[in-house]
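Structure, as C-alpha cells:
Readers should treat all values here as calculations from the given coordinates under stated rules, not as data from a laboratory. Keep in mind that this is a model prediction, so the values were computed, not measured. Reconstructed Cβ throughout: ideal geometry from the backbone, glycine too, with neighbour counts over all protein chains shown.
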Amino acid sequence: MQVESFRVFRDLVETKSFSRSASLNGITQSAVSQQLRSIEQRLRVPLLERTSKQFALTREGQLLYEASREIIAHYQRFTHQLEEMRNIISGTIRLAAVPSVGIHELPPYIKEFLKAFPQVKVQVDYRRSNEVYESVADGDADVGFVAFPASRKGLKVETFKKDALHIIAAPGHPLTKKTNVALADLAQFKILSLAPEMPTRQGLDKILATRGLKIQPKMEFDNVETLKSAVEIDAGVAFLPKSVVAKELSAGTLVTISHAGAEIVRPLGVVSRASRVISPAVKRFLKALKNPKKGGDLSEDAAE
C-alpha cells in the first residue's frame with residue numbers, strides 16, 4: 001500500500017465524506033471508492049459498515065484508521081525534517097479567516113512572509129467563525145483566524161493580536177461635538193451592530209454590560225462591510241476596529257468618537273490543529289504571527 005492510500009482512508013474517516021476526502025487529495029470521488037475496495041481486497045477484511053446515508057468503521061477499519069494516522073504523521077514528520085535540513089520553505093498554506101480579520105488584519109503579515117519566502121503560496125478563504133474552526137478541524141485549512149477566540153476540542157487556539165473597538169459615526173453626528181462620551185449616553189442614540197450569533201457581537205455585549213450599557217440595536221448585520229456602510233449613511237453609530245474603517249477615516253466619510261473609560265479590546269485568535277504535523281512553511285508563518293512586528297523576524301534562527 002502506498003502512503004497516499006493511507007491518507008485517503010484517514011481523510012475519509014475523519015470527514016465522513018467520500019467527496020470531501022476526494023477534494024482533500026485531489027482525486028475523484030470514484031477514485032476514493034476504488035482505493036477503498038482495493039485496500040479491502042488486499043487486506044481481505046471489510047473496513048466500513050455501510051448504510052443508506054452513512055457508514056461506520058468495522059473493528060478492522062478502526063485499526064487501519066489508527067495505523068493510517070500514525071503512518072501519515074511519521075511520513076509528514078520525515079518529509080518536513082528533510083525540507084528543514086535542506087532549508088526548503090515551499091508549498092501552499094491554506095488559511096481560513098473571518099472577513100474582518102482576513103481582509104483587514106492579515107495582509108501585512110502575508111506580504112512580509114511572502115517577501116521572505118516567495119516559493120510559498122498562501123490561499124485565504126473567508127468564512128464565518130464556526131466554519132473557520134470546522135475547516136481547520138477537518139483539514140481543509142492549515143490555520144484559521146477568528147475574533148474573540150474560544151477553545152475547541154482537538155484544536156490549538158491562541159490569541160495572536162488584540163485590537164480596540166472604537167465608536168464609529170458619520171461626520172456631523174451629534175456625538176462628534178462631545179469629548180469622552182460616557183458609554184451609558186449611547187443609549188440615547190441609534191446603535192447598529194453585528195448579528196447576535198457572531199462572536200464579536202457576543203464579546204462586545206458582555207464587555208458593555210459590565211460597563212452599564214446593554215445594547216438594543218436598531219439594525220443588525222451579518223458582516224462588517226454592510227455594517228460600516230450603514231454607519232456611513234448616518235443610520236446610527238457602531239463599535240468597529242480602526243483597521244476595518246481605515247479607508248473611510250482617511251477619506252473623511254467616517255469619524256471616531258472618543259469615550260470615557262478603558263479601551264474595548266477585541267482579541268484575535270489563530271487556530272491550528274493540535275494533532276497534525278505542520279509543514280516548515282506553516283511553522284514559519286505561525287512564528288511570524290507571534291512577533292509584535294508585522295510579519296515577524298523570519299530568519300531561520302527565529303523560526304526554531
- Straight-line reach check, residue 156, cutoff 18 Å on alpha carbons, 8 or more apart in-chain or any other chain, hits among lysines -> 283, 287, 290
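Let's test the formula: R0 of 25 Å, r as the Cβ-Cβ distance of residue 76 and residue 111. What FRET efficiency results, to the nearest 0.05?
Details: r = 28 Å, r/R0 = 1.11.
Rounded to the nearest 0.05, the efficiency is 0.35.
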- Note on the structure: One computes Rg over Rh for the stretch 64-166 from alpha-carbon atoms, with the Kirkwood Rh, and obtains 1.01
- Task: Would you work out if the stretch 179-244 is rounded, prolate or oblate? Take a ≥ b ≥ c from the square roots of the eigenvalues of the alpha-carbon gyration tensor; rounded if a/c is under 1.5, else prolate when a/b is larger than b/c, oblate otherwise.
- Result: oblate
- Message: Would you report the distance distribution of C-alpha pairs in the stretch 3-85 as whole percents per 10 angstrom bin, up to the bin with the largest distance?
- Response: 18, 49, 25, 7, 1
- Query: So how far apart, in nm, are the two label points at residue 34 and residue 222 if each is 7 Å from Cα heading toward Cβ?
  - Reply: 4.0
- What number, rounded to the nearest 500 deg cm²/dmol, is the helix-based mean residue ellipticity at 222 nm of the chain, given -39500 (n - 2.57) per DSSP H run of at least four residues and division by all its residues? -13000 deg cm²/dmol
- Message: Give me the one-decimal Kirkwood hydrodynamic radius in Å for the chain, with the sum taken over alpha-carbon pairs.
- Response: 22.0
- Item | Most positive-pole-ward Cα, 146, 27, 91, against dipole of the chain from beta carbon charges | 146
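Considering only DSSP beta bridges where both residues belong to the stretch 162-266, give the percentage that are antiparallel (nearest 5). Could you put the intermediate results ahead of the total?
On the way: 10 of 15 bridges.
Percent antiparallel among DSSP bridges in the stretch 162-266 is about 65.
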- What helices in the chain pass both tests, a Cα length along the helix axis of 15 Å or more and a mean Kyte hydropathy of 1.0 or higher, using whole DSSP H runs? none
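For the chain, give me the percentage of DSSP beta bridges that are antiparallel, rounded to the nearest 5 percent. Walk me through the intermediate numbers first.
Working: 25 of 40 bridges.
For the chain, the DSSP antiparallel bridge percentage is about 60.
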